[in-house]
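**Student:** Have a look at this one before I ask anything.
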Amino acid sequence: MTHSDILIIGGGIAGMSAAYFLAKAGKSVTVLEREDQPGYHSTGRSAALYSETYGPKIIRKMSTASRAFFLTPPEGFSENPILSPRGIIMTAKPGEEAELDAILSEGRANGANFVELTPAELKEIIPVLHTDQIAKAAYEPDAMDIDVHALHWGFIRQFKSRGGTLVTKADVSAITRESGVWTVSLSNGASYNGDIVVNAAGAWADDIATKAGIPPLGIVPKRRTAVMVDLPADVDAHGWPLVACLDETLYFKEDAGRLLVSPADTTPTEPHDVQPEELDIAITIDRLMTTTSIEVRRPGESWAGLRSFFADGDPVSSFDPADDSFYWLAGQGGYGIQTAPAMGEYAASIITGNDVPPQMEKLGITKDALSATRPTLASGKQELQ
Ligand SMILES: Cc1cc2nc3c(=O)[nH]c(=O)nc-3n(C[C@H](O)[C@H](O)[C@H](O)COP(=O)(O)OP(=O)(O)OC[C@H]3O[C@@H](n4cnc5c(N)ncnc54)[C@H](O)[C@@H]3O)c2cc1C
């Protein structure tokens, strides 16, 4: 049986980014991934967006802390740039102006660049938009697309080149601990030993904890749907920013000459290989046709993925309160890709007994803010989305 310093369960972006930084810190690491493709679940189903103004507070800080890695990744990490220009336009309906203003002033205070657009200017950029129900809009030119595959496989390749082991088709079925050593057993009969277990199982994070005899944290997976739509021949969407309604009912972005459209649904569900529901596809198309002049006769391919949340909407990255050899790396919500470099580095630092990395400390990231015992539930503060 192989023994590693650290066993990571889950080979999505969370597990692989932590694995990369742990291997870089000189640890022996084995990642156990149930599927034959490590990006099969949430990591491979995202909208691939990077925005420093999107998401709750710690997420925004983690996104900012990730920027340097995205812009100048380590040598040999990726052949192509990981980020490419996209931009976001947020639209506010009548009555939502103050909400948009609040986002703009907070973003600007943190150095974000926003350009306010009148409905007429908006129409010039996205001619298909019905602007009669839009009171105000803001353009964030610095939002980027992420090449998720390049990022994920950059972590995997460099992790392996440092001696790390990624085992696929490794369905973790039992987790026990004896004399300070974890034994993680697979449904195919194999088992692995390690000193520390990192739970990076995404939607299955609570399930993995339960298998290890650790109380679950109440991580809730929520389904989100995406549908591809063909554009009429006379609509050239090349270079369009992503358009998002402030009330989180719809967003769309150009993708290889078509539109990727999502109703921004957040339906709580059990962890499973989630598929899109017919009703959600119909809602997506209906909202697109109400918001734009695009006629959709037949939707293209669609998919759904799970975005998993802790109670207050921010992620958890800490040892379990009752067991300092079981580490939670969970609850990345809808932001796990754009925060992965900083979240991976942070987790590796804490797991190896170090403190919050200095560049993150400067941004105001604290251990308390990411701990599993932070007082969100006690205070009743909920930022579920
Ligand atoms: C439609 C949609 C749009 C999104 N858009 C964005 C976006 O624009 N920007 C952004 O930053 N984020 C976005 N996200 C969120 C992002 O995709 C997630 O936050 C991120 O992928 C979570 O990564 P993860 O590694 O935690 O989860 P996953 O990728 O799901 O990885 C968890 C892994 O654990 C494995 N696992 C589970 N149980 C076991 C077991 N028993 N044994 C072995 N392995 C196990 C699973 O097989 C899985 O591969 C979006 C998500 C969705 C669904």
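**Student:** Among the residues of the stretch 204-230, which ones are in contact with a strand residue (DSSP E or B) (Cβ under 6 Å, 6 or more places away or on another chain), under 30 Å from ALA311 (Cα atoms) and surrounded by fewer than 23 Cβ atoms within 10 Å (Cβ to Cβ)?
**Tutor:** Within the stretch 204-230, LYS211, ALA212, ILE214, VAL220, LYS222, ARG223 qualify.
**Student:** Take the conditions out of contact with any Lys or Arg (no Cβ under 7 Å at 6 or more places or on another chain) and in the same structural domain as ALA244 (by TED's automatic domain parsing) and apply them to LYS160. Does it pass? Explain how you work it out, then say what you get.
**Tutor:** On the way: out of contact with any Lys or Arg (no Cβ under 7 Å at 6 or more places or on another chain): yes; in the same structural domain as ALA244 (by TED's automatic domain parsing): no.
So LYS160 does not fit the description; no.
**Student:** Related question: So THR269 fits all but one of (1) closer than 17 Å to ALA47 by Cβ; (2) surrounded by fewer than 21 Cβ atoms within 10 Å (Cβ to Cβ); what number is the exception?
**Tutor:** All conditions are met except number (1).
**Student:** So which residues in the stretch 130-147 are within 26 Å of ALA256 (Cβ to Cβ) and buried (at least 21 other Cβ atoms within 10 Å of the Cβ)?
**Tutor:** ALA137, GLU140, ALA143, MET144, ILE146
**Student:** Looking at (1) modelled with pLDDT under 95; (2) closer than 15 Å to ARG45 by Cβ, which is the one condition that is false for PRO232?
**Tutor:** Every condition holds for PRO232 apart from (2).
**Student:** Of all residues in the stretch 42-64, which are farther than 18 Å from ALA244 by Cα, among the polar types (S, T, N, Q) and away from the ligand (no atom under 11 Å from the Cβ)?
**Tutor:** Matches in the stretch 42-64: THR64 only.
**Student:** Is there any pair linking a residue in the stretch 227-248 that is free of Cβ contacts under 8 Å to residues at least 40 places away in the same chain to one that is part of a loop (DSSP other than H, G, I, E, B), with Cβ under 8 Å and at least six apart or on different chains, and which?
**Tutor:** Pairs that qualify, where the first residue is free of Cβ contacts under 8 Å to residues at least 40 places away in the same chain and the partner is part of a loop (DSSP other than H, G, I, E, B), are ALA237/LEU231; ALA237/GLY257; HIS238/GLY257.
**Student:** Working only within the stretch 130-154, note down all residues that are part of a strand (DSSP E or B) and either more than 16 Å from the ligand (Cβ to nearest atom) or touching a Cys at 6+ places or on another chain (Cβ under 9 Å) (or both). Let's see the steps before the verdict.
**Tutor:** Pass one, the stretch 130-154, residues part of a strand (DSSP E or B): 136-140, 144-146.
Correct list: LYS136, ALA137, ALA138, TYR139.
**Student:** Considering only residues that are within 8 Å of the ligand (Cβ to nearest atom) and surrounded by 23 or more Cβ atoms within 10 Å (Cβ to Cβ), which ones fall in the stretch 18-41?
**Tutor:** Of everything in the stretch 18-41, those that are within 8 Å of the ligand (Cβ to nearest atom) and surrounded by 23 or more Cβ atoms within 10 Å (Cβ to Cβ) turn out to be LEU32, GLU33, PRO38, HIS41.
**Student:** Then there's this: Only one residue in ALA372, ALA322, ALA330 is within 16 Å of the ligand (Cβ to nearest atom), at pLDDT below 95, in the same structural domain as THR64 (by TED's automatic domain parsing) and of a type in the set (Gly, Ala, Ser). Which one? Spell out how you get there, then give the answer.
**Tutor:** Details: ALA322 fails: within 16 Å of the ligand (Cβ to nearest atom); ALA330 fails: at pLDDT below 95.
Of ALA372, ALA322, ALA330, the one residue that is within 16 Å of the ligand (Cβ to nearest atom), at pLDDT below 95, in the same structural domain as THR64 (by TED's automatic domain parsing) and of a type in the set (Gly, Ala, Ser) is ALA372.
**Student:** Listed residues VAL181, VAL148, VAL172, VAL167; which is hydrophobic (A, V, I, L, M, F, W, C) and either more than 23 Å from ALA14 (Cβ to Cβ) or at pLDDT below 95 (or both)?
**Tutor:** Details: VAL148 fails: either more than 23 Å from ALA14 (Cβ to Cβ) or at pLDDT below 95 (or both); VAL172 fails: either more than 23 Å from ALA14 (Cβ to Cβ) or at pLDDT below 95 (or both); VAL167 fails: either more than 23 Å from ALA14 (Cβ to Cβ) or at pLDDT below 95 (or both).
That would be VAL181, the only listed residue that is hydrophobic (A, V, I, L, M, F, W, C) and either more than 23 Å from ALA14 (Cβ to Cβ) or at pLDDT below 95 (or both).
**Student:** Take the conditions assigned by TED's automatic domain parsing to the domain that holds ALA201, touching an Asp or Glu at 6+ places or on another chain (Cβ under 7 Å) and away from the ligand (no atom under 16 Å from the Cβ) and apply them to PRO357. Does it pass?
**Tutor:** Numbers: assigned by TED's automatic domain parsing to the domain that holds ALA201: yes; touching an Asp or Glu at 6+ places or on another chain (Cβ under 7 Å): yes; away from the ligand (no atom under 16 Å from the Cβ): yes.
Taking the combined requirement at face value, the residue satisfies it.
**Student:** Sticking with this one: Tally time: how many residues in the stretch 285-313 are within 11 Å of the ligand (Cβ to nearest atom) and under 23 Å from VAL128 (Cα atoms)? Steps first, answer last, please.
**Tutor:** Pass one, the stretch 285-313, residues within 11 Å of the ligand (Cβ to nearest atom): 302-309.
When the remaining residues are screened for being under 23 Å from VAL128 (Cα atoms), the result is 302.
Number satisfying all stated conditions: 1.
**Student:** Somewhere in the stretch 3-14, is a residue within 9 Å of the ligand (Cβ to nearest atom), closer than 19 Å to TYR251 by Cα and surrounded by 15 or more Cβ atoms within 10 Å (Cβ to Cβ)? Don't jump to the end; show me each part of the working.
**Tutor:** Taking the stretch 3-14 as the starting set, the residues that turn out to be within 9 Å of the ligand (Cβ to nearest atom) are 9-14.
Checking the rest, the ones that are also closer than 19 Å to TYR251 by Cα come to none.
Among the residues of the stretch 3-14, not one is within 9 Å of the ligand (Cβ to nearest atom), closer than 19 Å to TYR251 by Cα and surrounded by 15 or more Cβ atoms within 10 Å (Cβ to Cβ), which makes the answer no.
**Student:** Continuing with this model, one more query. Could you say whether any residue in the stretch 260-267 is assigned to a strand (DSSP E or B), under 24 Å from the mean Cα position of the chain (by Cα), small (Gly, Ala, Ser) and under 16 Å from ILE294 (Cα atoms)? Spell out the reasoning first.
**Tutor:** As a first pass, look at the stretch 260-267 and keep what is assigned to a strand (DSSP E or B): 260-262, 267.
From what is left, the residues that are under 24 Å from the mean Cα position of the chain (by Cα) are 260-262, 267.
From what is left, the residues that are small (Gly, Ala, Ser) are 262.
If we keep only those that are under 16 Å from ILE294 (Cα atoms) as well, we get 262.
Yes, the conditions are met somewhere in the stretch 260-267.
The values are calculated or read from the model by the stated rules, or taken from the named source; none is laboratory data. These numbers come from a predicted model, not from an experiment. Note: ideal-geometry Cβ built from the backbone for every residue, glycine included; neighbour counts use all protein chains shown.
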